[in-house]
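Let me begin by presenting the structure, written as structure tokens, before commenting on it.
The values are calculated or read from the model by the stated rules, or taken from the named source; none is laboratory data. Treat the numbers as computed from the prediction; the structure is a model and nothing was measured. All Cβ positions, glycine included, derive from the backbone under ideal geometry; neighbour counts span all protein chains shown. Keep in mind that these areas ignore ligands, DNA and RNA; they rest on the heavy atoms of the full protein, side chains included. Shrake-Rupley method; radii C 1.70, N 1.55, O 1.52, S 1.80 Å.
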Amino acid sequence: MSRILHRSLRQTPPLAAGGEGICLRDNRGRNYIDASGGAAVSSLGHGHPDIIAALHRQIDRCAYAHTAFFTTEVAEELAERLVANAPAGIDGVYLVSGGSEAVEAALKLARQYFVEAGETQRTVFIARRQSYHGNTLGALAVGGNEWRRQPFAPLLIDVERVSACYEYRGRAPGQSLDGYTAALLDELETAILRAGPENVIGFCAEPVVGATGGAIPPTPGYFRGVRALCDKYGILFIADEVMCGMGRTGTMYAIEQDGVAPDLITVAKGLGAGYQPIGAVLVNGAIVERLRGGSGAFLHGHTYIGHPVAAAAALAVQQVIERDDLLSQVRRRGAALWRLLGEEFGDHPHVGDIRGRGLFMALELVRERADKEPFAPELKLHAAIKDKAMQNGLLVYPMGGTVDGLRGDHVLLAPPFIVTEAELVEIVGRLRDSVDSALKAVAL
Ligand SMILES: Cc1ncc(COP(=O)(O)O)c(C=O)c1O
């Protein structure tokens, strides 16, 4: 047995030996098409020569300098670029090492923003069911993924919880789309009033729900309504774009497509595209200014914040996305993936919903399409699909608990932005075969 505490303590995964383009290779020479970029990470694929060259240059120049003593050119340039391309009002960047760290920092920045103004009574975050914000204690607390939270629940801060914006399951028969959106916004307003607006710090949500729900986009107008409520009651809007951000949905930030600007945005995954562990919080200028004019410092910090090699990877990723016009490519390939999934799974008896944005798509599996009944959780259909897909040389990101944290299965796809249309055809074909053989093996 391996000495590493792998994700399963009973099984050691295959050894990754290398990767090129959209494929990863194991030590036995088996190739896998990486159709989920791991967990929506590898947006430029594997072994990208420009990113690798940028890493070498930075390591030769300066591999590490502690941020208590120095800044680095590369971190400064990355921050400038992130702010230049960010939604309106974003003026500062806090660089960390991953998604959970970004969410922790955002929660603390939001709290400190009010503490600086003497509003120390503000302690409440509002967040949604079926969301995932990370595995550290603060991020786990705001997350709404029940099976992940349950064992640690006594250690977590209390959070006001509201429904996810999950049209497939949430919109009642006969309810209009606008009516459904209005009901969700009413629920959020009720939660703010229940907690007392003067006690609320902010509302935290994924613009397109990733790991827990499976690429669930918001309904039209939902985030405009969220922004209006946050403004009405003077609370902050934190958009967690760790999974859906950095171009994954066809715009640099997913929330751009909803026409609003958050106060804080967390990003990670696609920021370094897997070449380095890096995350960031993008911060509205008013928050930066209040801290600057108040205590003068964000009361936070880690040893590896602003790491120059991680910053070099993220900067090079940003440059390649711009140089190769990859956001347009995500929109084009996303449209192709949408069409191919519709052709292959549109009439599938056990695919209830196909959804997503850009190259961030998911299938939700159901026992019966008519009543949307999910498969029994004991069947672990999602795990069977993952195994069958790997046997078919395909990496996808299935998850269980889609409906309520316990029931439901979905399969998430997040292929690299460099994927070709022919490769998408291959991915969808292998996925069909994997889904059908998993269904045969465990559920039918
Ligand atoms: C929306 C979202 N937030 C936060 C995280 C946590 O990121 P990390 O796993 O890098 O800590 C994730 C990871 O999947 C995520 O999808």
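If you take every residue apart from Glu206 with its C-beta less than 14 Å away from the C-beta of Glu206, what net charge results, scoring Lys and Arg +1 and Asp and Glu -1? Kindly include the intermediate steps, with their values, before the conclusion.
Details: positive: Arg128, Arg129, Arg248, Lys269, Arg355, Arg357; negative: Asp240, Glu241, Asp258.
Around Glu206, the surrounding residues sum to +3.
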Just need the relative contact order of the range 260-413 here, percent rounded to a whole number, with Cα pairs under 8 Å and 6+ apart. 14
Ala336-Thr190 pseudo-label distance in nm [points 7 Å out on the Cα-to-Cβ vector]: 4.6
Taking Rh as the Kirkwood radius computed over alpha-carbon pairs of the range 79-120 and applying Stokes-Einstein at 37 °C with viscosity 0.692 mPa s, one gets a diffusion coefficient in µm² s⁻¹ of 280
May I ask you to give the average projected area over all directions of the convex hull of the Cα atoms of the range 105-171, in nm² rounded to one decimal? 5.3
So, relative contact order of the range 267-327 in percent, Cα under 8 Å, 6 or more apart, is 40
Surrounding net charge for Arg331, when Lys and Arg each add one and Asp and Glu each subtract one, Cβ distance under 14 Å: +1
Please compute, for the alpha-carbon atoms of the range 319-394, the extent along each of the three principal axes and give them in descending order in Å. 47, 28, 18
How large is log10 I(q)/I(0) at q = 0.18, 0.21, 0.25 Å⁻¹ when the Debye formula is applied to the Cα atoms of the range 155-213, each weighted equally and without solvent? -0.76, -0.96, -1.14
Kirkwood hydrodynamic radius of the range 152-294, from inverse mean 1/r over distinct Cα pairs, in Å: 16.4
Could you give the spread of the C-alpha atoms of the range 337-435 along their three principal axes, from largest to smallest, in whole angstroms? 36, 26, 21
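Tell me the per residue accessible area of the range 17-164 using a 1.4 Å probe; a whole number in Å² is fine.
Per-residue value: 46 Å².
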Amide H neighbours of Leu236 at under 5 Å, excluding residues fewer than 5 places away on the same chain, with H built from the backbone geometry, are Gly202, Phe203
Sorted largest first, the C-alpha extents of the range 230-314 along its principal axes in whole angstrom are 39, 34, 13
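In Å³ and rounded to a whole number, note down the convex hull volume per residue for the Cα atoms of the chain.
Working: hull volume 65.8 nm³, N = 444.
Considering the Cα atoms of the chain, their hull volume per residue is 148 Å³.
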Scaled to the compact-protein estimate 2.2 N^0.38 Å, what is the alpha-carbon radius of gyration of the range 16-118, rounded to two decimal places? 1.43
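Pairs of Cα atoms under 8 Å, at least six residues apart: use those to get the relative contact order of the chain, whole percent.
22
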Counting heavy atoms of the protein chains only and a 1.4 Å probe, report the per residue accessible area for the range 181-228 as a whole number of Å². 28
Working out 0.36 nm times the residue gap between Met1 and Glu119, then minus their Cα-Cα distance, what length gain in nm do you get to one decimal? 37.2 nm
Figure the gain on full extension for Ala182 and Ala443 (residue separation times 0.36 nm, minus the Cα-Cα span) and round it to one decimal in nm. 90.2 nm
Under a point spin-label approximation (7 Å from Cα along Cα-to-Cβ), what is the Ala172-Arg81 distance to one decimal in nm? 5.0
